[in-house]
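Everything on this sheet refers to the single structure shown next.
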Amino acid sequence: MQRLIRSRFLIVVNLSVIIFLGMSLGREWVRSRTIDAEIAALQAQTDDLVTTNQEMLNLQTAMQTESFIEREARLKLGLKKLGETVVVIKDGQNDSLDEDTTNPTDPLGYVIDEQTDDTSFGADNLANPLKWWYYFFDRNIFNDLVTYE
């Protein structure tokens, strides 16, 4: 009888130890999986930050170039180089103009700064496409523009 009690007692103790070790192992396995997930998330975040950092360095390098600075000065500040002329082209056209009031020397409507005196027909007052139009299709007016300057 004692032998049976000892063996049952030994079985219960062994089962208790096995259950305890199983629970500890399960807890550690769950904790390990959680840590691995955090490491993967942090690695992905690190990769994103490295990519963002590289893009910022490329942008900084591009912003320090002479051509970028010149382009930004032209677009945002309205600056120009010496000898250049700034031309502003407005969207839309004025529909109130009749055919009688249009300028016969400006068939495309590209006069930028229309004035009333005789000095208004200079090359400085004409848009570039109009100058090319005259160059190819009306050489007399183009020659007058060139001699005017």
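Worth a mention:
- Matching entry among 15, 59, 79 (being at pLDDT below 95 and closer than 30 Å to residue 126 by Cα): 79
- Hits in the range 57-80 - residues which are surrounded by 10 or more Cβ atoms within 10 Å (Cβ to Cβ), of a type outside the set (A, V, I, L, M) and assigned to a helix (DSSP H, G or I): 58, 61, 68, 70, 71, 72, 74
- Selection count where residues are in contact (Cβ under 8 Å) with a residue 12 or more places away in the chain and in contact with a helix residue (DSSP H, G or I) (Cβ under 6 Å, 6 or more places away or on another chain), scope the range 128-149: 3
- Whenever a residue of the range 39-67 is under 30 Å from residue 81 (Cα atoms), its partners that are surrounded by 10 or more Cβ atoms within 10 Å (Cβ to Cβ) and of a type in the set (A, V, I, L, M), lying with C-beta atoms within less than 9 angstrom and at least six residues away or across chains, give the pairs 63/69.
- Odd one out for residue 124, checked against (1) at pLDDT below 75; (2) of a type in the set (Asp, Glu); (3) assigned to a loop (DSSP other than H, G, I, E, B): (3)
The values are calculated or read from the model by the stated rules, or taken from the named source; none is laboratory data. Predicted model, so just to flag it, every value in this text is computed and none were measured. Here Cβ is always computed from backbone atoms with ideal geometry, including for glycine, and neighbour counts include all displayed protein chains.
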